[in-house]
1. Ignoring ligands, DNA and RNA, what accessible area per residue does the chain give at 1.4 Å, in Å²?
2. When only the heavy atoms of the protein chains count and the probe is 1.4 Å, how do L30, L2 rank by accessible area, highest first?
3. Report the calculated FRET efficiency for I54 and M1 (r = Cβ-Cβ distance, R0 = 35 Å), to the nearest 0.05.
4. Report relative contact order for the chain in percent, whole number only (criteria: Cα-Cα under 8 Å, sequence separation at least 6).
5. With the full set of protein chains in place, find how many percent of the accessible area of the chain is carbon and sulfur; take the probe as 1.4 Å.
Amino acid sequence: MLVGGTPAGFTVVSDSHIVVDAPSGAPGPLDVTVTTPGGISSPVTYNRVAAPGI
């Protein structure tokens, strides 16, 4: 699992569902890819938002 080119932790929930612990970084669009024994997925764009201020 890569998020913006950075490896990310993840948990497999089912054959079609994973939960990702995205690495920290600046807000903005990131490509997300998943690597399986069958190959690497096409990238999907995810938009990281800034953490809420306190």
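1. Values: 4140 Å² over 54 residues.
Per-residue value: 77 Å².
2. Numbers: L30 30, L2 70 Å².
If we order L30, L2 from most to least accessible, we get L2, L30.
3. Details: r = 30 Å, r/R0 = 0.85.
For I54 and M1, the calculated efficiency is 0.75.
4. On the way: 76 pairs, mean separation 16.8, N = 54.
Relative contact order of the chain: 31 percent.
5. On the way: 2520 of 4140 Å².
Reported share for carbon and sulfur atoms: 61 percent.
The values are calculated or read from the model by the stated rules, or taken from the named source; none is laboratory data. Just so it is clear, the structure is predicted and the values come from calculations on it, not from any experiment. For neighbour counting, all protein chains shown are included, and Cβ atoms are generated from backbone atoms with ideal geometry for every residue, glycine included. Accessible surface is based on the protein model in full, side chains and every heavy atom, while ligands, DNA and RNA are left aside. Shrake-Rupley method; radii C 1.70, N 1.55, O 1.52, S 1.80 Å.
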